[in-house]
Each structure stands twice: as C-alpha cells, then as structure tokens.
Amino acid sequence: MPIAVDIDVMLARRKMSVGELADRVGITPANLAVLKNGRAKAVRFATLAALCEVLRCQPGDLLRWEAEDAQAHELDRRSPAASS
C-alpha cells in the first residue's frame, strides 16, 4: 500500500508505549497495532485527530505517501532471491 504509517516513530519521540497511546486515544492495543503496522484499510478522522492530539503532532507526521515503485524496489532489494 502506498500509504506508510509512522506511528512508531512518534511513539519513540514521545517515549510512549503502544498500550499508553491506545488508552489515551480510546482504542484497543490490537486495533492500534493494526494501524501502526500498516494493515488497516481505513482510519476514522476522529481516531486520527485523537492520535494527533495525544502525540502533539500533525497527520502528516503519522501518515505519508510512498510511490508503489519505491516499495516494489525495496521489497526486491530485501528478497533473498535478489541477492543470489
């Protein structure tokens, strides 16, 4: 997916755990993990706003667009078959 999620970066900057963020935002740690790991298909604006409020950041600090070609190149580079 061309949208990359950088919640883990903001968590590290704020020295906050996933559990603490989930509690403060009002979502389950499991749902936050789905979002954090880039497996979510959608995010509610209310959830995004709550994340930004708690982490004191902008939506662009949490989400960014990556070209699909760049992702494919990165996957090829990491693939064991690419190194042989």
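Do any helices (runs of 4 or more DSSP H) lying entirely in region 19-84 carry at least 2 residues that are closer than 16 Å to ASP8 by Cβ and modelled with pLDDT of 95 or more, and which ones are they? Working first, answer last.
Details: elements: 29-36, 45-55, 59-62, 68-78.
Output list reads 29-36, 45-55, 59-62.
Of all residues in region 18-71, count the ones that are more than 11 Å from the chain's Cα centre (by Cα) and on the phi > 0 side of the Ramachandran plot. Counting residues in region 18-71 that are more than 11 Å from the chain's Cα centre (by Cα) and on the phi > 0 side of the Ramachandran plot gives 2.
Residues that are under 11 Å from LEU51 (Cβ atoms) and either basic (Lys, Arg) or assigned to a helix (DSSP H, G or I) (or both) were ranked within region 1-13; the one that is nearest to the chain's Cα centre (by Cα) is ILE7. Contact map, region 1-26: residues that are open to solvent by 80 Å² or more (accessible area, probe 1.4 Å) paired with residues that are assigned to a helix (DSSP H, G or I) and of a type in the set (A, V, I, L, M, F, W, C), Cβ distance under 6 Å, separation 6+ or inter-chain. Pairs shown: ARG24/VAL54.
The values are calculated or read from the model by the stated rules, or taken from the named source; none is laboratory data. Keep in mind that what you see is a predicted model, and the values were worked out from it rather than measured. Methodologically, a virtual Cβ is constructed for each residue, glycine included, from the backbone with ideal geometry; neighbour enumeration extends over all protein chains shown. Please note that ligands, DNA and RNA were not included when accessible areas were found on the heavy atoms of the full protein model with its side chains. Shrake-Rupley method; radii C 1.70, N 1.55, O 1.52, S 1.80 Å.
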